[in-house]
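Colleague: Pasting in a structure now, in structure tokens, and then I'll have a few things to ask.
Every number here is computed from the coordinates shown, using simple stated rules; none is lab data. Bear in mind the structure is a predicted one, so any value in this text is a computation, not a measurement. Backbone-built Cβ (ideal geometry, glycine too); neighbour counts: all protein chains shown.
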Amino acid sequence: MRTMTAGDIDGVLEIEKVSFAAPWTRGMFEETLSSPVATSLIVEEEGRIVGYLIFYLAAREVHVMNIAVRQDRRGLGLASWMMSRTMELARRNSMETCFLEVRESNVPARGLYEKLGFRQVGRRKGYYRETGEDAIVMELILSDDT
């Protein structure tokens, strides 16, 4: 896993556009790359981007903003590996909690997050504007003393 650069955005957009009903735009990725609170990571295999994960760090919290894996590489544990590596990094940087939102209908992703120790802590009604679907808010406690 390495830090995403502006030169990676085309490859990331290829995955993004087939992964989400309302994909992020080039401008959104560019903004994230210039944000002081954002970390954008990619995974490559044989020079091809096969996955990415974007998270924000603020006030001892990690907020996973976006994660996707290339369609032909799904089901092989890559998302789990990216999330696990990110949580290790967060713990090493004294982060206490990780949050994310996931579509209520995204059963595979919810299963992955639960397997990693996340638990449902809330719901955002109509969070996904393009469909009106609710988001499930999930949390993972990272520190041992909370």
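Colleague: Listed residues ARG74, ARG119, ARG70; which is more than 22 Å from SER143 (Cα to Cα) and without any contact (Cβ under 8 Å) to a residue 40 or more places away in the chain?
Modeller: Criteria check complete, one pass: ARG74.
Colleague: Name the one entry in VAL12, VAL18, VAL62, VAL50 that is over 17 Å from LEU142 (Cβ atoms) and not in a helix (DSSP H, G or I).
Modeller: Only one candidate passes the filter, namely VAL50.
Yes or no, residue by residue, for (1) touching a Ser or Thr at 6+ places or on another chain (Cβ under 9 Å); (2) part of a strand (DSSP E or B):
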{"position": "LEU89", "(1), (2)": "yes, no"}
{"position": "VAL102", "(1), (2)": "no, yes"}
{"position": "GLU114", "(1), (2)": "no, no"}
{"position": "THR131", "(1), (2)": "yes, no"}
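Colleague: Of the conditions (1) in a helix (DSSP H, G or I); (2) over 24 Å from MET138 (Cα atoms); (3) touching a residue at least 24 places away in the same chain (Cβ under 8 Å), GLY7 satisfies every one except a single condition; which number is it?
Modeller: (3)
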